[in-house]
1. Restricting to segment 390-422, count the residues that are on the phi > 0 side of the Ramachandran plot and crowded, with 16+ Cβ neighbours inside 10 Å.
2. Are any residues in segment 160-190 touching a residue at least 40 places away in the same chain (Cβ under 8 Å), touching a strand residue (DSSP E or B) at 6+ places or on another chain (Cβ under 6 Å) and of a type outside the set (Val, Ile, Thr), and if so, which ones?
3. Name the single residue, out of those in segment 139-167 being within 16 Å of the ligand (Cβ to nearest atom) and among the basic types (Lys, Arg), that is farthest from the chain's Cα centre (by Cα).
4. Restricting to segment 328-365, name every residue that is of a type in the set (A, V, I, L, M, F, W, C) and open to solvent by 20 Å² or more (accessible area, probe 1.4 Å).
5. Report the residue count in segment 174-200 for those that are surrounded by fewer than 17 Cβ atoms within 10 Å (Cβ to Cβ) and β-branched (Val, Ile, Thr).
6. Would you check if GLY23 is open to solvent by 10 Å² or more (accessible area, probe 1.4 Å) and either free of Cβ contacts under 8 Å to residues at least 12 places away in the same chain or not polar (S, T, N, Q) (or both)?
7. Which of the residues spanning segment 119-146 are in contact with an Asp or Glu (Cβ under 6 Å, 6 or more places away or on another chain) and over 20 Å from ALA184 (Cβ atoms)?
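The values are calculated or read from the model by the stated rules, or taken from the named source; none is laboratory data. Note that the structure is a prediction, hence the values are computed from the model and not measured. Quick reminder, even Gly has a Cβ in these numbers, built from the backbone with ideal geometry, and neighbours come from all protein chains shown. These accessible areas exclude ligands, DNA and RNA; they are computed on the full protein's heavy atoms, side chains included. Shrake-Rupley method; radii C 1.70, N 1.55, O 1.52, S 1.80 Å.
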Amino acid sequence: MLLGAVADDLTGATDLALTLSRGGMRTVQVVGVPEKPLDLPEADAVVLALKSRTIPAGEAVAQSRAAAQILQAAGARQIIFKYCSTFDSTPDGNIGPVADALLDLLDAPLTIACPAFPTNKRTIYQGHLFVGDQLLSDSPMKDHPLTPMRDANLVRVLAQQTSHKVGLVSYATVTSGVAAIKAAYEKAIADGIRHLIVDAVTDADLHNIGAASADLALITGGSGIALGLPENFRRQGLLQPTTTAAAFTAPAGRPVILAGSCSAMTRQQVATAQAAGIDSLRIDPLAIVEKKLTASTVADWVLTHSSADKPALVYSSADPAEVLVVQQRLGRTEAGELVEKLLGEVAASLAAQGFTRFLIAGGETSGAVVAALGVTALEIGPEIDPGVPWTKSLIGRPLALALKSGNFGAPDFFLKAWKMLS
Ligand code: ADP
């Protein structure tokens, strides 16, 4: 094993695993810190998915350390800490505290923070994160149910999450090439800087940043930061040329779509699926509290509204005003957990009744559903849209899972994903 990654959510882990496997690394995704050694296929990279984005910082640190230690023990020469390309976090963390803890663990002086993902229109210029042509703070991320992002200046955002110095490698330096980026790292170490936000606008920038980061023990960022890393190992003769990947076969069984993401793109995908005639059931968190809606009534509804070649859609996705009303009644975390728990129970019930193909929208939601399904490791299959592949459970019951981060995918994602499964 060459590269180990700790991801703060499941869809992010899948996104990174996809980038690494497309870069020619045999990549396996592990779900959660395993309690006992897993019987995994041989891999160049292992991505360990946590659900630590919004848990208390102390817990996120403990889990991330444990995950990194397992990866180190398995031989990882470099660790990536993967978070969202929209830098989802709060002033308490968890990006800063986890990055600090991993630097301590690896006894490293410096890391970089680069969430850029140009293919999905996340770019960083002068330390400011853009989503398309909007600053992060003007984008729909300002209304995220759990991690509203109201400041686009990542140097400032990260500085609130760590007691160490945060610096910037500006775009002028990045475009000057690998040697200039490396020199910026050296200078930062000399200046006592521990975290460097690195500007990146194109994939070519990310390849150069990857090349410049070959000697960093810890790299933090979005999946884009992994673009240039396989080449570092190839250059050292450590990575064998890829053989043709085995064909991805999905298990036979019924399909379902479960959407717990309230992101703008997921809401559009819900509307597109409804307009195309997919039967849908809306979950109102207040109805769960009032016990008007239970996992078994929802699962029963799915059973009667779907068939082998037509999924049904269950969604709690709501616009920011509706989410606010629910959160004021139930609390932000409580509302989120309530929906996640219900969707997890629905998935488990459906799996027990012969459903094998799950499309889940939402990072936190995917984490909850996959945990409820008891999936511990995943293989990466074909890419549906940038950053979102089909995956298949590696251990236990065979399940095909498309785990979609809220804002990822085209509007017709819920329709076209199924066409890739035979
Ligand atoms: P994304 O990938 O879009 O960030 P997540 O699943 O990570 O989606 O996060 C969405 C959060 O919002 C989850 O915790 C989910 O349970 C919660 N949620 C979903 N629907 C509602 C709703 N109607 N009201 C309040 N919270 C909700």
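1. Restricting attention to segment 390-422, the residues satisfying the condition of being on the phi > 0 side of the Ramachandran plot are 396, 409.
Now drop any that are not crowded, with 16+ Cβ neighbours inside 10 Å, which leaves 409.
Of the residues in segment 390-422, 1 are on the phi > 0 side of the Ramachandran plot and crowded, with 16+ Cβ neighbours inside 10 Å.
2. Within segment 160-190, GLN161, HIS164, LEU168, TYR171, ALA188 qualify.
3. Our first condition is that a residue be within 16 Å of the ligand (Cβ to nearest atom); within segment 139-167, this holds for 139-150.
Filter once more, keeping what is among the basic types (Lys, Arg): 142, 150.
Working: LYS142: 18, ARG150: 20 Å.
Once the filter is applied, the top-ranked residue is ARG150.
4. Selection gives LEU330, LEU338, ALA348, ALA352.
5. Residues meeting the conditions: 2.
6. yes
7. Scanning segment 119-146 gives a single hit, SER137.
Residue-by-condition table, conditions (1) touching a helix residue (DSSP H, G or I) at 6+ places or on another chain (Cβ under 9 Å); (2) within 18 Å of PRO411 (Cα to Cα); (3) of a type in the set (A, V, I, L, M, F, W, C):
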site	(1), (2), (3)
VAL256	yes, yes, yes
ASP284	yes, no, no
ILE288	yes, no, yes
LYS292	yes, no, no
HIS305	no, no, no
LEU342	yes, no, yes
GLU345	yes, no, no
ALA351	yes, no, yes
ALA368	yes, no, yes
